[in-house]
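Below: the structure, in structure tokens.
The values are calculated or read from the model by the stated rules, or taken from the named source; none is laboratory data. What you are looking at is a predicted structure, and each value in this text was computed from that prediction instead of being measured. FYI the Cβ positions are ideal-geometry reconstructions off the backbone, even for glycines, and counts take in every protein chain you see.
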Amino acid sequence: MHNHRPQELTVDRAAGTLRVVWQDGHASVYALHWLRANCPCASCREERRAAALQTDLLKLTAGSPPSAEIVGAELVGNYAVRFGWADGHDGGIYVFAALRQSCPCAECNPSGPPPLLPDD
């Protein structure tokens with residue numbers, strides 16, 4: 001079964017969501033800010049890992065926070081999608097199987113969506 005393959009992907013910029021209808025008909029709605037916070041690129045993963053290790057430190061940045069506005073998207077083969085964010089970041093490849101496992105609906109993940117990729 002290929003339940004992790006989408007039949008439809010829709011970005012609703014006004015609502016700040018990505019809606020995925022999977023091959024089995026299940027629909028998942030992801031908040032764009034959640035997608036950006038869980039960016040799977042190496043630099044974002046390393047930043048999250050470093051932040052987790054330094055829980056006692058307060059990190060202040062002068063720059064603006066990462067954008068949660070999608071300005072472009074492209075399919076990566078038959079297995080993933082890459083988003084271009086308004087701040088120019090476009091390194092994350094969001095694998096469909098990982099997105100499906102992180103479906104935020106109460107039926108799939110009653111305790112809330114797990115991280116898109118485990119940061120171990």
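Picking from Pro104, Pro66, Pro110, Pro40, which residue would you name as being loosely packed, with under 14 Cβ neighbours inside 10 Å and not small (Gly, Ala, Ser)? First the steps, then the outcome.
Details: Pro104 fails: loosely packed, with under 14 Cβ neighbours inside 10 Å; Pro66 fails: loosely packed, with under 14 Cβ neighbours inside 10 Å; Pro40 fails: loosely packed, with under 14 Cβ neighbours inside 10 Å.
Just one listed residue meets the conditions, Pro110.
Among the residues of the range 64-93 satisfying the criterion of being free of Cβ contacts under 8 Å to residues at least 40 places away in the same chain and of a type in the set (S, T, N, Q), which is farthest from Ala37 (Cα to Cα)? Out of the qualifying residues, it is Ser64. For the range 16-26, the set of residues classified as in contact (Cβ under 8 Å) with a residue 40 or more places away in the chain, out of contact with any Leu (no Cβ under 7 Å at 6 or more places or on another chain) and not in a loop (DSSP other than H, G, I, E, B) consists of Trp22 only. Each residue in the range 27-38 was checked for being modelled with pLDDT under 95 and either over 12 Å from the mean Cα position of the chain (by Cα) or part of a loop (DSSP other than H, G, I, E, B) (or both), and 1 pass.
Among the residues of the range 43-63, those identified as loosely packed, with under 10 Cβ neighbours inside 10 Å and either modelled with pLDDT of 85 or more or of a type in the set (Ser, Thr, Tyr) (or both) are Thr55, Thr61.
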